[in-house]
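Trainee: Starting off with a structure, shown below.
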Amino acid sequence: MKLLSRVNISFCRGAMLVHVVLLYLLIGMPLAHAQDAQALTARYGALREQLANNPFHRPLYLQSTETSGSLTGDVYSLIEQPYAVVSPALQGIGHWCDILILHLNVKSCHASSGAEEGLLVNIGRKSDQPLADTYPFDFVYRVVTDSADYLQVVLSSAQGPFGTSNYRVKLEVVKLDAQRSFLHLSYSYDYGIAARVAMRGYLATVGRNKVGFSIVGRKADGQPAYIGDMRGLVERNAMRYYVAIEAYLGALTTPAPQQLEKRLSDWYAGIERYPLQLHEIERSEYLSMKRSEVQPQQVEGSAAAK
């Protein structure tokens, strides 16, 4: 009798396990996505004070983390645009080339399709540079979630230069109300010994005066002391990518022929709001360089449309 009872219990547990697995397969992912949306909405609630009062003088919050061999920069922002506008604009793979090319270091971007969608992005110096001298990133592009009130898009690349790896750009947007959205951009990558040595060399020479946005103390004159080192580096890049998204969204209502010039102008203006951290080149130099870099991208887009 005891043996029979044990068999019955085992059978019941097995049946329950099957039901749990089936339930997960049927609704597990939607539940996970709902949790992601709830988590981002909760994050907005937790950051209300920081969004209202911060050194950026607008509803924006930035943080960075450094763990063993990994760097992450996170930007959170209240967007005064409806989710119904923001979500479609940020999930087309071709749109992401229009966004990424605004970044000073992005020299070229081409979308590809096939077994999985992706972006070939060439990264180089902050000045004119032949593509042959740049580093090509192969980003896998995925729309993880596209629902009525929550969007998650991920770009990931396994390899980078100087021993860096696991590059990941994650964008989340959640609907707050009829007119506002809340956005989270996360930019991260891993690095090994070679990359650490290269970044330390850069930070000790050309980048020795570079700082990020996080305030870590006060100087003798009372002025803020900003984070430097590798966390400062990832904060600067996260902000550059965020400003690119902001510039892209801001140009949506502009007539199509004028959108590129508005995006370029707005990206540069957005960067120059923070000259201590982000000023690199003059406006005329940036515009000239980007117009020449975007031209092949536009020709490719026109050819694809025919």
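The values are calculated or read from the model by the stated rules, or taken from the named source; none is laboratory data. In this text the structure is predicted, and so the values were computed from the model without any measurement. Positions of Cβ are generated from backbone atoms using ideal geometry, with glycine treated the same way; all protein chains shown enter the neighbour counts.
Trainee: Report yes if some residue within the stretch 195-213 is crowded, with 21+ Cβ neighbours inside 10 Å, touching a Ser or Thr at 6+ places or on another chain (Cβ under 8 Å) and more than 20 Å from S87 (Cβ to Cβ); otherwise report no.
Mentor: yes
Trainee: Within the stretch 94-104, is there a residue that is over 19 Å from the mean Cα position of the chain (by Cα), of a type outside the set (S, T, N, Q) and surrounded by 15 or more Cβ atoms within 10 Å (Cβ to Cβ)?
Mentor: no
Trainee: In addition: Which numbered condition trips up K107, out of (1) more than 22 Å from I281 (Cβ to Cβ); (2) in contact with an Asp or Glu (Cβ under 6 Å, 6 or more places away or on another chain)?
Mentor: The one condition K107 does not meet is (1).
Trainee: Just a yes or no: is a residue in the stretch 155-178 modelled with pLDDT of 95 or more, touching a His at 6+ places or on another chain (Cβ under 9 Å) and among the β-branched types (V, I, T)?
Mentor: yes
Trainee: Oh, and also: Looking at this structure, is K210 basic (K, R), outside any loop (DSSP other than H, G, I, E, B) and under 15 Å from N105 (Cβ atoms)?
Mentor: On the way: basic (K, R): yes; outside any loop (DSSP other than H, G, I, E, B): no; under 15 Å from N105 (Cβ atoms): yes.
Here the answer is no, as K210 does not meet what is asked.
Trainee: Please name all residue pairs, on different chains or six or more residues apart, with Cβ atoms under 8 Å, provided the first residue is in the stretch 40-64 and is free of Cβ contacts under 8 Å to residues at least 40 places away in the same chain and more than 21 Å from G217 (Cα to Cα) and the second residue is assigned to a strand (DSSP E or B) and of a type in the set (A, V, I, L, M, F, W, C).
Mentor: These pairs meet every condition: P59/L78.
Trainee: In addition: Where in the stretch 67-129 are there strands (runs of 3 or more DSSP E), lying wholly inside it, with at least 1 residues that are in contact with a Cys (Cβ under 6 Å, 6 or more places away or on another chain)?
Mentor: Working: elements: 70-79, 106-112, 118-123.
Strands (runs of 3 or more DSSP E) meeting the threshold: 106-112, 118-123.
Trainee: Could you pull out every one of the helices (runs of 4 or more DSSP H) wholly within the stretch 218-306 that has 2 or more residues that are over 27 Å from L203 (Cβ atoms) and at pLDDT 95 or above? Full working, then the answer.
Mentor: Numbers: elements: 229-250, 256-271, 275-278, 283-305.
It comes to 229-250, 256-271, 283-305.
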